[in-house]
Amino acid sequence: MNKLLLSTALCFAVLSVPAMAQEVSACLITKTDTNPFFVKMREGAEAKAAELGVTLKSFAGKVDGDHETQVAAIETCIADGAKGILLTASDTSAIAQSVQKARDAGLLVIALDTPLTPADAADATFATDNFLAGELIGKWAAGKLGAEAANAKIAMLDLAVSQPTVDVLRDQGFLSGFGIELGDPNKWGDETDPRIVGHDVTAGNEEGGRKAMENLLAKDPMINVVYTINEPSAAGAYEALKSFGRENDVLIVSVDGGCPGVANVKDGVIGATSQQYPLDMAALGVEAIKTWSDTGEKPAPTEGKDFFDTGVKLVTDTAVDGVDSIDSAKGAELCWG
């Protein structure tokens, strides 16, 4: 009898132990781990993960465009039982199959910064409005030139030949803002406006920006407007222009808003840049994965858009009528990297 009572007591004791909270793990997969934008993104994700008790694993391609490493990272995240993945894709189309595999395995996949192709290949996208970011610097450049915009000679320093969505959106936004008629808005390079000297790719880094600028200057040494996909490539373009003695009579515009880029605006290297906010982007992504794990609720897009807009501001020390902007001092307060 005593043995039976003891057994029953132990049984109730086991049943009365509260269920342990389920561990939530997440993955961050970026294009590289060297670009300041992705460094800040990782910092934002790590800080929010620590705050919410989420275990975070970070992965990155060896260089921008390293698709294979990103595919391998997704496979690892699935095998590790992660609840969700935050992804900045190098190849926005090719990665869709791996993303679908992750979603089929029950993971929430959120694209950060760079929408997938198609956009609904991911469960959600948290990003800068990259078309607007390009449009702002395009409008600024056209306004700065005034009537001479009609005679501009424009160099387009893009990201990669695979044309990931972020690359296309910024490029096409710039051209639209400048007043150039687009061809197919889903790709760059098919425009017919004679003001475009040409497109070249930079891999989003300084050396790539320098080489691309040299290539386009060889095509037309009188280029006077340079669009760049990001600020590292803008720094490289400036060095190339400087070697030709053209650094003081060419407008360079860019997108990022990192602290080095904002400093380059202050120093006159970059005329204007569109500032984005990668720390917020990643922190919100981690929050969304935690919410998904706890409640099954997916993040909703910003009203009127098919993604969650994390904001953008134009930074310049030469304001142009009709284009909202902040100066480099304010940009420095908000910058990253």
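Can you name the residue in the range 298-331 that is polar (S, T, N, Q) and closer than 19 Å to Phe131 by Cα and, of all such residues, is least open to solvent (accessible area, probe 1.4 Å)? Among those that are polar (S, T, N, Q) and closer than 19 Å to Phe131 by Cα, it is Thr316.
Checking each residue of the range 156-163 against the condition of being hydrophobic (A, V, I, L, M, F, W, C), modelled with pLDDT under 95 and crowded, with 23+ Cβ neighbours inside 10 Å gives no match. For the range 258-310, give me each residue that is in a loop (DSSP other than H, G, I, E, B), over 30 Å from Arg246 (Cα atoms), over 18 Å from the mean Cα position of the chain (by Cα) and not basic (Lys, Arg). Listed by number, the residues that qualify are Gly296, Glu297, Pro299, Ala300, Glu303, Gly304.
Against the numbered list (1) crowded, with 24+ Cβ neighbours inside 10 Å; (2) touching a Leu at 6+ places or on another chain (Cβ under 7 Å); (3) more than 18 Å from Phe307 (Cα to Cα), Lys83 comes up short only at (1). Sub-9 Å Cβ pairs linking a first residue in the range 299-323 that is within 10 Å of Ala272 (Cα to Cα) to a second residue that is in a loop (DSSP other than H, G, I, E, B) and open to solvent by 70 Å² or more (accessible area, probe 1.4 Å), at least 6 apart or interchain, are Leu314/Asp324; Val315/Asp327; Thr316/Asp327; Asp317/Asp327; Ala319/Asp327, ordered by first then second residue.
For the range 92-149, a residue qualifies if it is over 16 Å from Val166 (Cβ atoms), part of a loop (DSSP other than H, G, I, E, B) and free of Cβ contacts under 8 Å to residues at least 60 places away in the same chain, and the qualifying residues are Ala105, Gly106, Leu107.
Taken as a whole, the range 228-251 holds at least one residue that is buried (at least 17 other Cβ atoms within 10 Å of the Cβ), hydroxyl-bearing (Ser, Thr, Tyr) and part of a helix (DSSP H, G or I). Taken together, the residues in the range 68-80 that are buried (at least 18 other Cβ atoms within 10 Å of the Cβ) and of a type outside the set (Val, Ile, Thr) amount to 3. If you go through the range 44-67 and pick out every residue that is within 20 Å of the chain's Cα centre (by Cα), touching a residue at least 24 places away in the same chain (Cβ under 8 Å) and open to solvent by 50 Å² or more (accessible area, probe 1.4 Å), you end up with 6.
The values are calculated or read from the model by the stated rules, or taken from the named source; none is laboratory data. In this text, all values refer to a predicted model and were calculated from it rather than measured experimentally. As a convention, Cβ positions derive from the backbone with ideal geometry for all residues, glycine included, and neighbour counts pool all protein chains shown. Keep in mind that these areas ignore ligands, DNA and RNA; they rest on the heavy atoms of the full protein, side chains included. Shrake-Rupley method; radii C 1.70, N 1.55, O 1.52, S 1.80 Å.
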